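Asker: To start, I am sharing the structure in question, which I have written as structure tokens.
The values are calculated or read from the model by the stated rules, or taken from the named source; none is laboratory data. Keep in mind that what you see is a predicted model, and the values were worked out from it rather than measured. In this analysis, Cβ positions are derived from the backbone assuming ideal geometry, glycine residues included, and neighbour counts consider all displayed protein chains.
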Amino acid sequence: MVKLIKPRDANEVVASWETSSEYWNKYQGTIETMFAPLTRTLVASSEIQPGQSILDIGGGSGEPSLTLSAIVGESGRVAYTDPAAGMVQTARNEAERRGLSNITFHQSPAERLSFPDNEFDTVLGRLSAMFFADPKSALGEMLRVTKPGGRIVLLVWGPREANPFFSEISDVLNQFVPAEPEDEDAPTAFRFARLGKLAQVFLDAGAIEVNEEPLSFRIEQPLDIEGFWVLRTEMSDTFRSKLAHLDSKEVAAVKSATVKAVSEFFANGNMNFPAQVLIVTGRKR
Ligand SMILES: C[S@@+](CC[C@H](N)C(=O)[O-])C[C@H]1O[C@@H](n2cnc3c(N)ncnc32)[C@H](O)[C@@H]1O
């Protein structure tokens, strides 16, 4: 009988990011360029200016903190946070390598921020809110440390069908390693894909002027299908653990089915996927 893979709870989620951090370290530069359009969107929607103080929630291998450091300049500051120690180390090493002196690094989840009240002009997170253990208390903490009138901006994945970079390989893998049906609140990539869901958490936590907008962009990278297969299967803890259930023949079959499913996104030899995120913004009263 096929053993079904169980969905993860929030504590297991942080542990899985910890084990993924060595791959996020390996692909730090790729992640930065692949999702650069998202960083530009965050900067524009947050109206970030030189001299401001910014808090980055779930900064992973360093973005958007590393980019924001140059925008706020020496008169401003960026505080990077992430609960996974390996992610913090990766981001800190990269900041040191670049000689950035206006970023501080803090290992903490969004639900427990070690900053005083009313500290930051803007609090933001790129692709991290889906993994919060307790989204309402995370938003409460983020509001607490935001200055009155300051902004909160969170960027999350849009619907699964608009994101073949994720869904194609995951659909193929599910045929080989079936998973238990996922709770719609499980801390996984598409948890806030439904319009209005994360915006409601902002409102429940007390944010005002809450707004949400879908943004379509392209995930482009000079990477062939083989490179895509290695990148996706290394970076995702879910894919790594599912593949570990298969023998080498089955892995080869998954790879061959994935290559077939994604070939249209490598038309000129390089990776070019359509993708969609939601940008949710709000203010502290
Ligand atoms: C998809 S990565 C995004 C990293 C980075 N912001 C980027 O866009 O490249 C998600 C990050 O959320 C972090 N995370 C998981 N649970 C969290 C929590 N409760 N609070 C804040 N961040 C969390 C993970 O450790 C991981 O680094």
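Asker: Yes or no: Val145 touching an Asp or Glu at 6+ places or on another chain (Cβ under 8 Å) and either crowded, with 19+ Cβ neighbours inside 10 Å or not hydrophobic (A, V, I, L, M, F, W, C) (or both)? Write out each step before concluding.
Answerer: Values: touching an Asp or Glu at 6+ places or on another chain (Cβ under 8 Å): yes; either crowded, with 19+ Cβ neighbours inside 10 Å or not hydrophobic (A, V, I, L, M, F, W, C) (or both): yes.
Yes: the conditions hold for Val145.
Asker: Is the range 195-207 home to any residue that is within 14 Å of Val280 (Cα to Cα), without any contact (Cβ under 8 Å) to a residue 24 or more places away in the chain and outside any helix (DSSP H, G or I)?
Answerer: Yes - at least one qualifying residue is present in the range 195-207.
Asker: Let me ask something additional. Name, by its number, the condition in (1) among the aliphatic types (A, V, I, L, M); (2) under 24 Å from Pro37 (Cα atoms); (3) within 9 Å of the ligand (Cβ to nearest atom) that does not hold for Ala133.
Answerer: (2)
Asker: Can you find, within the range 109-127, the residue that is nearest to the ligand (Cβ to nearest atom) among those that are of a type outside the set (A, V, I, L, M) and either touching a Leu at 6+ places or on another chain (Cβ under 8 Å) or outside any loop (DSSP other than H, G, I, E, B) (or both)?
Answerer: The selected residue is Arg126.
Asker: How many residues are among the β-branched types (Val, Ile, Thr), within 12 Å of the ligand (Cβ to nearest atom) and not in a helix (DSSP H, G or I) if we restrict to the range 26-55?
Answerer: Total satisfying the criteria: 0.
Asker: Can you tell me which of Val251, Val230, Val280, Val262 is of a type outside the set (Phe, Trp, Tyr), touching a residue at least 40 places away in the same chain (Cβ under 8 Å) and in a helix (DSSP H, G or I)?
Answerer: Working: Val251 fails: touching a residue at least 40 places away in the same chain (Cβ under 8 Å); Val230 fails: touching a residue at least 40 places away in the same chain (Cβ under 8 Å); Val280 fails: in a helix (DSSP H, G or I).
Criteria check complete, one pass: Val262.
A quick yes/no check of all residues on (1) at pLDDT below 95; (2) buried (at least 19 other Cβ atoms within 10 Å of the Cβ):
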{"position": "Gly196", "(1), (2)": "no, no"}
{"position": "Ala199", "(1), (2)": "no, yes"}
{"position": "Gly206", "(1), (2)": "no, no"}
{"position": "Met235", "(1), (2)": "yes, no"}
{"position": "Arg240", "(1), (2)": "yes, no"}
{"position": "Leu246", "(1), (2)": "yes, no"}
{"position": "Leu278", "(1), (2)": "no, yes"}
{"position": "Lys284", "(1), (2)": "no, yes"}
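Asker: Please specify each residue of the range 200-259 satisfying the condition of being more than 19 Å from the chain's Cα centre (by Cα) and small (Gly, Ala, Ser).
Answerer: Ala205, Gly206, Ala207, Gly227, Ser241, Ala244, Ser248, Ala252, Ala253, Ser256, Ala257
Asker: Next question. Can you confirm whether the range 92-108 contains a residue that is buried (at least 23 other Cβ atoms within 10 Å of the Cβ), outside any strand (DSSP E or B) and among the small types (Gly, Ala, Ser)?
Answerer: No: the range 92-108 contains no residue that is buried (at least 23 other Cβ atoms within 10 Å of the Cβ), outside any strand (DSSP E or B) and among the small types (Gly, Ala, Ser).
Asker: Mind listing whichever residues of the range 31-45 are over 14 Å from Ser69 (Cα atoms) and among the hydroxyl-bearing types (Ser, Thr, Tyr)?
Answerer: The answer is Thr33, Thr41, Ser45.
Asker: Test Tyr23 against the stated conditions and say whether it is outside any helix (DSSP H, G or I) and more than 9 Å from the ligand (Cβ to nearest atom).
Answerer: When the stated conditions are applied, Tyr23 does not pass them.
Asker: Collect the residues in the range 56-89 that are within 30 Å of Thr19 (Cβ to Cβ) and away from the ligand (no atom under 11 Å from the Cβ), keeping them in residue-number order.
Answerer: Leu68, Ser69, Val78, Ala79, Gln89
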